[in-house]
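**Q** The structure follows.
The values are calculated or read from the model by the stated rules, or taken from the named source; none is laboratory data. Since we're looking at a predicted model, the values are computed, not measured. Heads up, the Cβs are rebuilt from the backbone with ideal geometry, glycines too, and the neighbour counts pull from every protein chain shown. We work out accessible area using only protein heavy atoms, side chains counted, and drop any ligands, DNA or RNA first. Shrake-Rupley method; radii C 1.70, N 1.55, O 1.52, S 1.80 Å.
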Amino acid sequence: MTTSLVTDYEHGISAIDAQFHRPRRAAIHLIVEDGKMALVDTGTTSSISGVISTIEEKNLSAEDVHYIILTHIHLDHAGGASECMRRFPNAKLVVHPRGARHMADPDKLVAGAIAVYGKAAFERVYGEIRPIDRQRIIEAPDESRIELNGRSLLFIDTPGHARHHNCIYDEQSNAFFTGDTFGVSYRELDVSGMEFVFPTTTPVQFDPSAAHASLDRIMRFNPEFAFLTHYSRISHLHRHVESMHNLIDAHVEIARSAGTDYNGHNDRFTTISSALQSLLLQRIREHGSRLPEAEITALISSDVKLNTQGLEHWLDHAN
């Protein structure tokens, strides 16, 4: 079933549109196992009303949400976590050990986001981020598991996009919930059932070597699907992983070239962002998309900006 807000898949998995800036930019994934529920990523505080409506439409109860799982703590993935904990009284928050303390004390997390987006934009998009009771937080180190009504979910440490990033393997669906590790794939760019996937190198912890290694580790499980936060289910993973490796290297080469040619921040930012946009437009055209260039540019513009910021930070801090 697909509605304007929800897409239902097999194995009790649904994608709920987080309504983050525009439709189908960020997904909250709901896993239902015999009436018990887990959410993977949360969108922002304003996203949670859509989650509650979806649960009610499925004739389920907020009391049966057992886990709020964060792939990582960037606020388009974790900004709604404190609201979830307020609205779902029996839920535990499951998060990478490097992210747990920031959910209990979010001051540094909020300050970092304000540094990227600006105070006014942060308050408009994310609202209030409240501390979460440490007693309700479960740290999920590498190769740990939780059970959702007997359904095993395996956490693997997948740095590259962020050092506090887990991907979650669900054996029942032979699928990974990959957050940002397997990149970004907007459904508007699908062509005849084939998705287009590209990396997200956002600030401040992009590590290309780790990103490559994390992709390879995911593929060792031979999954059939990946559920991306941006945006939901993709298949054809063996094809996409090769494209991801290639595009990560292309992003790095663009950054390195700009870093040697320019010293001023503004010139370097413009050079990197223009090159990234050209690269992605070329690859999207090769993929077969017939969308007007202006529409493609609008779809990827925020990612190009954030990827550029992340590459600049990497250039300035790489050994």
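**Q** Would you please calculate the Kirkwood hydrodynamic radius of the stretch 50-208 over all C-alpha pairs and express it in Å, rounded to one decimal?
**A** The answer is 16.9 Å.
**Q** Between E253 and N59, what is the label-point separation in nm under the 7 Å Cα-to-beta-carbon projection?
**A** So the two model labels end up 5.6 nm from each other.
**Q** Post the alpha-carbon centroid distance, the stretch 195-212 to the stretch 51-97, in whole angstrom.
**A** 26 Å
**Q** Leaving out ligands and nucleic acids, note down the accessible area per residue over the stretch 28-105 with a 1.4 angstrom probe, in whole Å².
**A** Using a 1.4 Å probe on heavy atoms only, each residue of the stretch 28-105 averages 31 Å².
**Q** If I fit a long axis through the Cα atoms of helix 293-317 and take the longest principal axis of the Cα atoms of the chain, what angle between them do I get, 0 to 90°, rounded to 10?
**A** Long axis of 293-317 versus the principal axis of the chain: about 80 degrees.
**Q** With all protein chains present and a 1.4 Å probe, how do K108, K119, K58 order by accessible area, largest first?
**A** So, going from the largest accessible area down, we get K108, K119, K58.
**Q** Calculate for the chain the 222 nm mean residue ellipticity that helices alone would give, adding -39,500 (n - 2.57) per DSSP H run of length 4 or more and normalising by residue count, nearest 500 deg cm²/dmol.
**A** That comes out to -13500 deg cm²/dmol.
**Q** Taking GluC sites (Glu not before Pro) that fall in a DSSP loop and have at most 15 other Cβ atoms within 10 Å as cut points, what is the longest piece of the chain between them?
**A** 11-127
**Q** Would you please state the base-10 log of I(q)/I(0) at q = 0.20, 0.22 1/Å for the stretch 103-174, with intensities from the Debye formula using one equal scatterer on every alpha carbon?
**A** Reported log10 I(q)/I(0), two decimals: -0.98, -1.03.
**Q** Ok, one more. P(r) of the stretch 116-220 in 5 Å steps, Cα pairs, percent per bin?
**A** With 5 Å bins starting at 0, P(r) equals 2, 10, 15, 16, 19, 18, 13, 6, 1, 0.
**Q** If you don't mind, another one. Can you tell me the accessible area per residue over the stretch 201-319, all protein chains present, probe 1.4 angstrom, in square angstrom?
**A** Averaged over the residues of the stretch 201-319, the accessible area is 49 Å².
**Q** For the stretch 73-205, build the charge dipole from Cβ charges (+1 Lys, Arg; -1 Asp, Glu) around the Cα centre, then report which of L153, C84, F176 sits farthest towards its positive end.
**A** About the Cα centre, the residue reaching furthest to the positive side is C84.
**Q** Tell me the Kirkwood radius of the chain: reciprocal of the mean inverse pair distance over distinct alpha-carbon atoms, in Å.
**A** After inverting the mean inverse Cα-Cα distance, the result is 19.7 Å.
**Q** Using only Cα atoms, find the angle between the long axis of helix 237-261 and the longest principal axis of the chain, and express it within 0 to 90 degrees, rounded to the nearest 10.
**A** 50 degrees
**Q** Cα gyration tensor of the stretch 1-87, axes a ≥ b ≥ c as square roots of the eigenvalues: rounded (a/c below 1.5), prolate (a/b > b/c) or oblate?
**A** oblate
**Q** Taking only C-alpha pairs under 8 Å that are 6+ residues apart, what is the relative contact order of the stretch 156-297 in percent?
**A** Relative contact order of the stretch 156-297: 23 percent.
**Q** If you don't mind, there's one more thing I want to ask. Tally Lys and Arg at +1 and Asp and Glu at -1 over the other residues with C-beta under 14 Å from the C-beta of E56: what net charge comes out?
**A** -1
**Q** Tell me, what % of the accessible area of the chain is carbon and sulfur with a 1.4 angstrom probe?
**A** 46 percent
**Q** Can I ask one more? With a 1.4 Å probe and all protein chains kept in place, how do H236, H21, H230 rank by accessible area, largest first?
**A** Per-residue accessible area, sorted high to low, gives H21, H236, H230.
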